[in-house]
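Single-structure report; data block below.
The values are calculated or read from the model by the stated rules, or taken from the named source; none is laboratory data. Since the structure is predicted, the reported quantities are computational estimates derived from the model, not experimental observations. Every residue, glycine as well, gets a Cβ built from its backbone with ideal geometry; the counts of neighbours run over all protein chains shown. In case anyone asks, the SASA skips ligands and DNA or RNA and just uses the protein heavy atoms, side chains included. Shrake-Rupley method; radii C 1.70, N 1.55, O 1.52, S 1.80 Å.
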Amino acid sequence: RLFGRPHPAIAGAVAGLVKVLQRQGKAATIEELFREELVQARDDPKRAQESGDAVYLTVDALLSQNALPLADRLLDEVLPPVITSRPQNTGLLFDRATLCARRSRFNEAAADFASVISRDPTDHDAWYRLAILLAQSGDAEAYRRHCCQMLFLLRSTTKPTTAETAAKASLLLPA
């Protein structure tokens, strides 16, 4: 912070520190470093808005270290105020959905991916992951409806990766 405001150089240094600790496999250290900041963010909506990027980096690092219980606890504590203060910030919601899916909490994961899509309809990866969850659930009708909506909304994309993801998502179950 510089004069009470987040400073870009400090944010960059924090991101660098997280990456170094991530490479060293020190998930617990990452969580400890950000614990105080995250607790304060939970209690102060303005602080939560400013802390959103640090929270996202922390959770992402914990997920990459397979520190699922730490990431789970962090998301449960911090996500509600961050999402409330920054509804456009879908990264943490996407992380929570991924974490829920990895922990076999498929209904929660599907709800979070649906929320990501409602906030950012162009997030082709969220569309794809929700399609996987719907296909896995055995609800073929919901899966087909989802794929039709996805193809309709992403039909004008000029990005090859988006088109590829939409095509793959549509081919998970037979027609």
Condition check for Ala41: part of a helix (DSSP H, G or I), modelled with pLDDT of 85 or more and open to solvent by less than 20 Å² (accessible area, probe 1.4 Å): no
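To keep it simple, each residue is scored yes or no on (1) surrounded by 19 or more Cβ atoms within 10 Å (Cβ to Cβ); (2) in a helix (DSSP H, G or I); (3) touching a residue at least 12 places away in the same chain (Cβ under 8 Å); (4) aromatic (Phe, Trp, Tyr).
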position	(1), (2), (3), (4)
Phe113	yes, yes, yes, yes
Pro121	no, no, yes, no
Leu134	yes, yes, yes, no
Arg144	no, yes, yes, no
Thr157	no, no, yes, no
Ala163	no, yes, no, no
Ala166	yes, yes, yes, no
Leu172	no, no, yes, no
Residue in the range 69-88 that is among the aliphatic types (A, V, I, L, M), at pLDDT 80 or above and in a helix (DSSP H, G or I) present: no
All positions within the range 17-32 that are modelled with pLDDT under 75, of a type in the set (Gly, Ala, Ser) and either assigned to a loop (DSSP other than H, G, I, E, B) or within 12 Å of Asp60 (Cα to Cα) (or both): Ala27
Selected residue [at pLDDT below 90 and in a helix (DSSP H, G or I)] from Arg129, Arg96: Arg96
Tally, over the range 121-170, of residues that are farther than 24 Å from Arg96 by Cβ and of a type outside the set (Lys, Arg): 13
